[in-house]
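Report on the following structure.
The values are calculated or read from the model by the stated rules, or taken from the named source; none is laboratory data. It should be emphasised that the depicted structure is a prediction, and the values quoted were computed from it without experimental measurement. Cβ sites come from the backbone with ideal geometry, for glycine too, and all protein chains shown count toward neighbours.
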Amino acid sequence: MTGGSRGIGAATARAAAAAGWSVALTYRDDEAAAADVVTGIEAAGGTARAVRADVSVEDDVLAAFAAAEGLGPVTGLVANAGIVGERARVDELTAERVQRMLAVNVLGTVLCCREAVRRMSTRHGGSGGSVVLLSSAASRLGSPGEYVDYAASKGAVDTLGVGLAREVADEGVRVNVVRPGIIETEIHASGGQPDRVARVGPTVPMGRAGLPEEVAAAVLWLLGNDAAYCTGSLLDVAGGR
Ligand code: NAP
């Protein structure tokens, strides 16, 4: 579980632990938030470990998977870590910003998928597993005037999910993609729009933003055996948006 310290990742880590998974969750900076998630899971009788890892750094990803293996064979991956940028048009973007966006959202996701497949695929001696990628409704909407680079990075995640799913479908590994809409997390403030949920939430067809737990429920379903015949699916969790 990447990016398990806050937001959707933290909710998913809690839900996964409650469903019986031993959870290795990564964080980039917020050690205290990650520790809180672990403490909460343990207090509820679950098993979790927090690992500092920047998903855009290959050595960090390798170390995170090594730490996860300390909890047992890796049979699930939720590739959730992701960033947005400040509100900007494409004609205002800097190369540095786009490189960072793609490094975290795309390269990081690909690296985690690679390591997961190396451990889960029957081709590599594994016993199978399940991968869920966090994309965004932005990949459909394009996020004009806001962050088209972010939307494009999530378009890459969608395509990665579909392609990888077909690549490993007969190797015991399922790969699916969840595309949240506007969800109540700190990601909006990190992109300089702390009022985004209050502003955009009421414009969603369901009239409100979603909760991290509502995304986590969809992730958990795809991760587990109830979704045994789902692979290459893109599941929108976006209140009709
Ligand atoms: P969030 O509240 O900002 O939390 C982001 C999480 O990712 C944190 O745990 C953070 O760790 C971690 N992270 C950030 N950069 C990282 C890096 N380079 N390496 C490793 N971990 C990193 O975000 P969120 O809203 O829960 O979003 C989670 C995912 O859902 C993202 O992929 C996002 O694009 C997607 N999504 C969110 C929304 C929404 O409305 N919230 C909508 C659509 C899609 P630290 O705590 O250490 O910083």
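One table, with the values for the structure above:
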| read-out | value |
| --- | --- |
| Cβ-Cβ under 6 Å pairs, at least 6 apart or on other chains, the stretch 92-103 side free of Cβ contacts under 8 Å to residues at least 40 places away in the same chain, far side in a helix (DSSP H, G or I) and surrounded by 17 or more Cβ atoms within 10 Å (Cβ to Cβ) | none |
| Unique match (being surrounded by fewer than 20 Cβ atoms within 10 Å (Cβ to Cβ), of a type in the set (Lys, Arg), more than 12 Å from the ligand (Cβ to nearest atom) and touching a residue at least 24 places away in the same chain (Cβ under 8 Å)) among ARG199, ARG174, ARG166 | ARG166 |
| Residue match in the stretch 2-9 (condition: away from the ligand (no atom under 14 Å from the Cβ), hydroxyl-bearing (Ser, Thr, Tyr) and at pLDDT 95 or above) | no |
| In the stretch 59-98, residue surrounded by the most Cβ atoms within 10 Å (Cβ to Cβ) [restricted to those that are away from the ligand (no atom under 12 Å from the Cβ) and under 17 Å from the mean Cα position of the chain (by Cα)] | LEU77 |
| Residue under evaluation ALA33, criteria (1) more than 7 Å from the ligand (Cβ to nearest atom); (2) assigned to a helix (DSSP H, G or I), criterion not met | (1) |
| Any pair with Cβ under 6 angstrom, 6 or more apart, that starts in the stretch 5-20 at a residue that is under 18 Å from ALA68 (Cβ atoms) and outside any helix (DSSP H, G or I) and ends at one that is at pLDDT 95 or above and more than 9 Å from the ligand (Cβ to nearest atom) | ALA19/LEU220 |
| From the options LEU223, LEU211, residue that is within 14 Å of the chain's Cα centre (by Cα) and at pLDDT 95 or above | LEU223 |
| Filter result (touching a residue at least 40 places away in the same chain (Cβ under 8 Å) and of a type outside the set (A, V, I, L, M, F, W, C)) within the stretch 25-53 | THR26, ARG28 |
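This table checks each residue for (1) over 14 Å from SER135 (Cβ atoms); (2) in contact with a helix residue (DSSP H, G or I) (Cβ under 8 Å, 6 or more places away or on another chain); (3) hydroxyl-bearing (Ser, Thr, Tyr).
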| position | (1), (2), (3) |
| --- | --- |
| LEU160 | no, yes, no |
| ALA198 | yes, no, no |
| LEU222 | no, no, no |
| ASN225 | yes, no, no |
